[in-house]
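Asker: My questions all concern the structure below.
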Amino acid sequence: MDDELKLCPFCGDTAYISFDNDCWNVVCFNCGASVSHLQVFNYDAESMKKGRKKAIEKWNKRIE
């Protein structure tokens, strides 16, 4: 699934995604490792979906 988060590359724990301060953030529950994707567009459904997807892609494609 495209929106499934991989486990943390540092500690192997699960991560969560949130939206705060105009940014999508993916953060590890255990060690706090994170990536962000700045959402600078507007808050329509399509822009929010694209921003969320980009944050997930960045998290899942990071170097392990």
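Asker: Note down the nm distance, to one decimal, between modelled labels 7 Å out along Cα→Cβ at LYS50 and at TYR16.
Answerer: 2.8
Asker: Return one number: the angle in degrees, 0 to 90 and rounded to the nearest 10, between the long axis of the Cα atoms of helix 45-60 and the longest principal axis of the Cα atoms of the chain.
Answerer: Here the helix axis deviates by roughly 20 degrees.
Asker: Within the chain, report the chymotrypsin sites (Phe, Trp or Tyr not before Pro) that DSSP leaves as loop and that have at most 16 other Cβ atoms within 10 Å.
Answerer: On the way: sites: PHE10, TYR16, PHE19, TRP24, PHE29, PHE41, TYR43, TRP59; in loops: PHE10, PHE29, PHE41, TYR43.
When the chymotrypsin sites (Phe, Trp or Tyr not before Pro) of the chain are filtered for loop state and at most 16 Cβ neighbours within 10 Å, PHE10, PHE29, PHE41, TYR43 remain.
Asker: Run through every distinct alpha carbon pair of the chain and return the Kirkwood hydrodynamic radius in angstroms, one decimal place. Write down the numbers at each step before the final one.
Answerer: Details: mean 1/r = 0.0844 Å⁻¹.
Final number for the Kirkwood radius of the chain is 11.8 Å.
Asker: Another question, then. At 222 nm, what helix-only mean residue ellipticity would the chain give, in deg cm²/dmol to the nearest 500, using -39500 (n - 2.57) for each DSSP H run of four or more? Walk me through the intermediate numbers first.
Answerer: On the way: 1 runs with 16 residues, N = 64.
One gets -8500 deg cm²/dmol as the mean residue ellipticity at 222 nm.
No lab work stands behind these numbers, since they all come straight from the coordinates. Because the structure is a prediction, the values reported are computed rather than measured. Reconstructed Cβ throughout: ideal geometry from the backbone, glycine too, with neighbour counts over all protein chains shown.
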